[in-house]
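Colleague: Got a structure for you, questions after.
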There are 2 protein chains.
Amino acid sequence: MSAFPKLTAEEVAEYIPNGALVACGGFTAAGCPKVIPLALAKRAERLHADGKPFRIKLLTGASTNDAVDGALGRARAIAFRAPYQADRDLRKCINDDDVDYVDDHLSRYARLLRQVFFGDIDVAIIEVSHYTDDGELALTTAVGSAPVFCQSAKHILLEHNAYHERISGFHDLYDVEENSVPVPLRALSDHIGTKTLRVDPKKILGVVETHLPDGIEAFKPCTSVHEAIAGHVVDFLLREIRRGVLSSASLTMELGTGNMTNAVLRHIGACEEMLNFSVHGEVLQDGILELLTQGRIEFAVGSSLTVTDPWLQTIYGRADFYKERLLLRPSEITNHPEVIQRLNLAALNAALEADIFGNVNSTHVAGTSVMNGIGGASDFAHNAALSVFMLPSTAKDGKISSMVPFCSHIDLTDHDVDVIVTEQGLADLRGKSPEQRALCVIENCAHPDYQPLLHAYLQRAKSGHIRHDLTAAFAFYDAYAKTGDMRNARL
Amino acid sequence: MSAFPKLTAEEVAEYIPNGALVACGGFTAAGCPKVIPLALAKRAERLHADGKPFRIKLLTGASTNDAVDGALGRARAIAFRAPYQADRDLRKCINDDDVDYVDDHLSRYARLLRQVFFGDIDVAIIEVSHYTDDGELALTTAVGSAPVFCQSAKHILLEHNAYHERISGFHDLYDVEENSVPVPLRALSDHIGTKTLRVDPKKILGVVETHLPDGIEAFKPCTSVHEAIAGHVVDFLLREIRRGVLSSASLTMELGTGNMTNAVLRHIGACEEMLNFSVHGEVLQDGILELLTQGRIEFAVGSSLTVTDPWLQTIYGRADFYKERLLLRPSEITNHPEVIQRLNLAALNAALEADIFGNVNSTHVAGTSVMNGIGGASDFAHNAALSVFMLPSTAKDGKISSMVPFCSHIDLTDHDVDVIVTEQGLADLRGKSPEQRALCVIENCAHPDYQPLLHAYLQRAKSGHIRHDLTAAFAFYDAYAKTGDMRNARL
């Protein structure tokens, strides 16, 4: 007989008042609560139908599942949201100015939570695979910010998901509450924390039983553009290994997520000259598990196990094998500048657009509409030994150039961008002056349709350390807004 | 009898061939070589007069003295320069496209040097207060990148400056060659390194004797604008201490340099409610020494002792007193993300302009002309517990607004900027959505002359997570270019 009341999701949803600050555990769809947020969205719809207000302020680990950002977003039940999102419905609410969205480096987020910057967390909803009456919690397929949510929250609601009961032992929970001592991590595989979380049992209001997979969908197949980008990346990594800048014996990589990453993983897997390597990042996806299983990846650390269900079943079926090869850590550790620096890693991330001087936009289309948050892009790019950004050179059938004179939004400055790669080629910007960078990006990364326009921009630009003509800096966007095609820009 | 030949600066200058990659020790004018660069500039002028080419590629610790960037810049003897500069003459060469200038985070610079990214260093010119025949060097008033220069250089030339003979014992030289172990620093005053540098004596080509002060000039008096900014900053720090976000018992601050910093220091010194604090940063200037001497600053760490000569004499006269209270470290350590994170510090830095969404330009006027490099601004802003940027709300008698719709150059993104302060007031941007940030900056920081224009920009801007109208984003610069006054912007 548990010390905590067993409740239904509908009962639990009644505990959460209008205006509450709610934190949902998980990181991506992995480890997210699955039934309470859905019940909360239904409650919001009922209340709204009765003309009553109901909106919460919502904190998450990163992106979520459809039950959290999707259902709550569609129900117009979110007033405020931090720190990362990637949901189509929620994104629309944010860009319609209906949700206040605060996007932040994941490495800084835990600090803001500890400083109580968003106010007291009223309730944390945490998915667990096991729990004890004295407040020992075993998390499921993600860690994210669940530990700091549990520390900071006034109340905790548990979703006890028996589907993930074989996940215990995959976690390594280190607490960085005080930054005054070094994080005692030397090698990726060091166990520095605990396998379970300790919370004050008095905070736990109740438990909802579930038995649900995370429902991670497989990525779409890679396109030839992704394949070309992956090919350039692997050629470059090999060159860096040959000239001793990267160590082939101890190569650690951070890889973003998505099908471009999958293409890179497949190319690396097929390249016999590249020795085994390790992965340290936010999200462990199918492609990583594939290479880990083959022994091509030696060790993998992430904040979530965001894999499709067949892979999850494989892991659970050979738990002892995988426990020796992967660990899940809080995002405060995966994204910690100190840890990233120490691991000397190569960070490979996707971008939306880049400018010819090496600044990168990874979040806002045309400077205004947010696609997602910055997440860990800057944490990794600023602290990695090598920072690579990958993107197709054009979008919308060539009507949009991803290489522009001046990014419409800047998430990563040129100082944090070592290399830009498109399907056209690769620009290594390290040690180059702005003009050298501009020529390198135009000639290696821009689509041929846009090379003359970008050269024309440089020609008309004022001289200076950086060549710009601010009256024409956004001419590409202007042409797109007026004619639907950036190729019509007049320069 | 020394193992190394005693040479004149003129003799030594002959050793350095056209096209050489030369590294000068020091950090600011402190610790810079004083006679060899000057002799090199004269040699360049003679060769140029004879129609012969002579240009070097020059690496420094940060900004330098007039003998380095000034004389070599005026002699058109620099083809390439990294990583930070602040010299009027050199700046002109860079903005005239005559010098390839590569600006980088100081925390990343040592890594690039170790990766031999700029090529092999042909000769490092290092000012020392003492040296031994077996290659033990005592540096003078700065550390900067001298240790990594000496490691990487093929040859070393010493300027033995007896003026600074009492500086020994002030250095703490820790070598971060491998990032695979934690930097063993817990408290600011921990000695983690050695007092002297060990180099291969075979590299030392010779010694030039000098007896010269650093020639640091006092800052100009603060204006009422600086005083007002300092007042807002101190009020804010007190509020943060009272609500427990900053600890008054263990407050550590990074303070930029210049007379705005001096004003802040004076206001802190005069504020009895603020307890003693410590300083960790790049440059220790007069104002810091003043409070250190009074006991208001408990401990100060920097990469240079950039003080006027009377202060230097005071320090040398009471060396034992000051050795217990200050240390000079390599900039790789002062600017190390790991160290900055661990110290939990409040970083206060100057900026050139900020946009209403919280992005900061600290280097390029109107997006093109470089004033200086980014230096450690991003190292500190990204990793500090609190990141504050200070700037006057206008320039050129009000004809330029420092608060603009879209920065003409972005060095620090909104994620790295917690607080913006002008003489008008202070905007705390933490936890705010882009629209909330914009209103907060306009109402608290913008000059009243520009508030209606900035509101008008927001009104005409497209809705979205960030409100922008890219056709008008640079209207302020356009108005200034056409009419000499940003107040004429049409929005």
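The values are calculated or read from the model by the stated rules, or taken from the named source; none is laboratory data. Values in this document were obtained by computation on a predicted structure and should not be read as measured data. Note that we place each Cβ from the backbone using ideal geometry, even for glycine, and neighbour counts take in every protein chain shown. Heavy atoms of the whole protein, side chains included, go into the accessibility calculation; ligands, DNA and RNA do not. Shrake-Rupley method; radii C 1.70, N 1.55, O 1.52, S 1.80 Å.
Colleague: What does the accessible area of A:E45 come to, in Å² to the nearest 10, when a probe of 1.4 Å is used?
Modeller: Its heavy atoms expose roughly 100 Å² to the probe.
Colleague: Right, another one. Restricting things to alpha carbons, tell me how big segment B:284-374 is in terms of Rg and Dmax, in Å.
Modeller: Every Cα atom of segment B:284-374 included, Rg and Dmax give 16.6, 49 Å.
Colleague: Can I ask one more? Hey, if you put +1 on the Cβ of every Lys and Arg and -1 on every Asp and Glu Cβ in the protein assembly as shown, which of B:L106, A:P182, B:S369 ends up farthest toward the positive end of that dipole?
Modeller: The Cα lying farthest towards the positive end belongs to B:S369.
Colleague: Same structure again: If each of B:A187 and B:A49 carries a label point 7 Å out from its Cα toward its Cβ, how far apart are those two points in nm?
Modeller: The answer from the label model is 5.9 nm.
Colleague: Please state the Cα pair-distance histogram of segment B:164-272 with 10 angstrom bins from zero: what percent is in each bin?
Modeller: 10, 23, 27, 27, 10, 3
Colleague: Okay, next question. Extending each Cα 7 Å along its Cβ direction at B:K6 and A:D478, get the distance between those two points in nm, one decimal.
Modeller: 6.8 nm
Colleague: If you put +1 on each Lys and Arg Cβ and -1 on each Asp and Glu Cβ, how big is the dipole of chain A around its Cα centre, in Debye rounded to 20?
Modeller: Computed charge dipole of chain A: roughly 620 debye.
Colleague: About its Cα centre, how strong a charge dipole does segment B:141-292 have in debye, to the nearest 20, once Lys and Arg get +1 and Asp and Glu get -1 at the Cβ?
Modeller: Roughly 220 debye for segment B:141-292.
Colleague: Going from most exposed to least, what order do A:D97, A:D134 have by accessible area with a 1.4 Å probe?
Modeller: Of A:D97, A:D134, the descending order of accessible area is A:D134, A:D97.
Colleague: Give the accessible surface of the protein assembly as shown per residue, rounded to a whole number of Å², with probe radius 1.4 Å and ligands, DNA and RNA excluded.
Modeller: Result: 33 Å² per residue.
Colleague: Taking a label point 7 Å out from Cα toward Cβ, give me the nm distances from B:N18 to the same spot in the other copies, shortest first, one decimal.
Modeller: For B:N18, the other copies' label points sit at 8.0 nm, shortest first.
Colleague: Then there's this: Using the C-alpha atoms of segment B:436-491, what convex hull volume per residue, in cubic angstrom, is computed?
Modeller: Hull volume normalised by residue count: 73 Å³.
Colleague: Please arrange B:R76, A:R430 by accessible surface area, largest first, computed with a 1.4 Å probe and ligands excluded.
Modeller: Heavy-atom accessible area, descending, gives B:R76, A:R430.
Colleague: Between copies, how far does the label point of A:S2 sit from its twins, in nm, shortest first, when each point is 7 Å from Cα along Cα→Cβ?
Modeller: Listed shortest first, these distances are 7.7 nm.
Colleague: Note every residue of segment A:448-466 with a reduction of at least 40 square angstrom in accessible area, all protein chains present versus the isolated chain, computed with a 1.4 Å probe, or write none.
Modeller: Those are A:G464, A:H465, A:I466, which lose 40 Å² or more relative to the chain on its own.
Colleague: Compare A:R43, B:R88, B:R198 by solvent-accessible area with a 1.4 Å probe and give them largest first, with all protein chains kept in place.
Modeller: From most accessible down to least: B:R88, B:R198, A:R43.
Colleague: If you don't mind, there's one more thing I want to ask. Identify, among B:I56, B:H211, B:C93, the residue whose Cα sits farthest towards the positive end of the charge dipole of the protein assembly as shown, taking +1 on the Cβ of Lys and Arg and -1 on the Cβ of Asp and Glu, with the dipole about the Cα centre.
Modeller: B:C93
Colleague: Please work out how much accessible surface A:V421 shows to a 1.4 Å probe, ignoring ligands, DNA and RNA, in Å² rounded to 10.
Modeller: Approximately 0 Å² for this residue.
Colleague: When only alpha-carbon atoms are used, what values of Rg and Dmax, in angstrom, describe segment A:9-210?
Modeller: Just the Cα atoms of segment A:9-210 yield Rg and Dmax of 16.5, 57 Å.
Colleague: Next question. For segment A:219-315, restrict the atom set to alpha-carbon positions and state the Rg and Dmax in Å.
Modeller: 13.1, 41
Colleague: What gaps in nm, shortest first, separate B:L275 from its twins in the other copies when you place the label 7 Å past Cα toward the beta carbon?
Modeller: For B:L275, the inter-copy label distances come out at 5.1 nm.
Colleague: Turning to a different aspect of this structure: Please figure out what share of the DSSP beta bridges in chain B is antiparallel and state it in percent, rounded to the nearest 5.
Modeller: Given both bridge residues lie in chain B, the antiparallel proportion sits at roughly 30 percent.
Colleague: Rounded to the nearest 500 deg cm²/dmol, what is the calculated helix-only ellipticity per residue at 222 nm for chain B, with -39500 (n - 2.57) per DSSP H run of length n ≥ 4?
Modeller: Rounded to the nearest 500, it is -8500 deg cm²/dmol.
Colleague: Using a 1.4 angstrom probe on heavy atoms only, work out the carbon and sulfur share of the accessible area of the protein assembly as shown in %.
Modeller: Carbon with sulfur: 50 percent of the solvent-accessible area.
Colleague: Provide the solvent-accessible area of B:K482, counting protein heavy atoms only and rolling a 1.4 Å probe, rounded to the nearest 10 Å².
Modeller: The value for B:K482 is about 150 Å².
Colleague: Rounded to the nearest 5, what % of the DSSP beta bridges within segment A:288-411 are antiparallel ones?
Modeller: Percent antiparallel among DSSP bridges in segment A:288-411 is about 40.
Colleague: Which distance in nm do the two modelled labels at A:T293 and A:R76 give, with both placed 7 Å along the Cα-to-Cβ direction?
Modeller: Roughly 4.6 nm, to one decimal.
Colleague: For segment A:364-491, what is the per residue volume of the convex hull drawn over the alpha-carbon atoms, in cubic angstrom?
Modeller: In segment A:364-491, the Cα convex hull volume per residue is 104 Å³.
Colleague: Go through segment B:126-140 residue by residue and turn each phi into a ³J(HN,Hα) via Karplus (6.51, -1.76, 1.60, θ = phi - 60°); whole Hz please, and just put x for glycine and proline.
Modeller: With coefficients 6.51, -1.76 and 1.60, one gets 10, 7, 10, 9, 8, 7, 10, 5, 8, x, 8, 10, 9, 6, 9 Hz.
Colleague: Net charge near B:L157: determine it from the other residues with C-beta under 15 Å of the C-beta of B:L157, scoring Lys and Arg +1 and Asp and Glu -1.
Modeller: -2
Colleague: Using the Kirkwood radius over C-alpha pairs as Rh, can you work out the diffusion coefficient of chain A via Stokes-Einstein at 4 °C, viscosity 1.567 mPa s, in µm² per second?
Modeller: Taking Rh from Cα pairs, D becomes 55 µm²/s.
Colleague: Between segment B:93-144 and segment A:355-397, what is the separation of their alpha carbon centroids in Å?
Modeller: Taking the Cα centre of each part, segment B:93-144 and segment A:355-397 sit 31 Å apart.
Colleague: Within segment A:9-210, count lysine pairs with alpha carbon atoms under 20 angstrom apart where the residues are 8 or more positions apart or belong to different chains.
Modeller: 10
Colleague: Using r as the Cβ-Cβ distance of B:H211 and A:M371, and R0 as 56 Å, what FRET efficiency do you calculate, to the nearest 0.05?
Modeller: That pair, B:H211 with A:M371, gives E of 0.35.
Colleague: Express as a percent, rounded to the nearest 5, the fraction of DSSP beta bridges in segment A:9-210 (both residues included) that run antiparallel.
Modeller: Here the share of antiparallel DSSP bridges comes out near 20 percent.
Colleague: Something else now. Quick check on segment A:163-210: what does the Kirkwood estimate of hydrodynamic radius come out to from the alpha carbon pairs, in Å?
Modeller: For segment A:163-210, the Kirkwood estimate is 13.7 Å.
Colleague: Taking 2.2 N^0.38 Å as the expected size of a compact globular protein, what ratio does the Cα radius of gyration of segment B:7-110 give against it, to two decimals?
Modeller: Ratio of Rg to 2.2 N^0.38 Å for segment B:7-110: 0.99.
Colleague: Distances longer than 39 Å among the Cα atoms of the protein assembly as shown: what percent of all pairs is that?
Modeller: Value for the protein assembly as shown: 44 percent of Cα pairs lie more than 39 Å apart.
Colleague: Can I ask one more? How much length, in nm to one decimal, is gained on full extension between A:R166 and A:K202, taken as 0.36 nm per residue of separation minus their Cα-Cα distance?
Modeller: That works out to 10.3 nm of additional length.
Colleague: At the nearest 100 Å², what buried accessible area, both sides summed, do you get for A and B when the probe is 1.4 Å?
Modeller: The buried area between A and B, both sides summed, comes to about 6400 Å².
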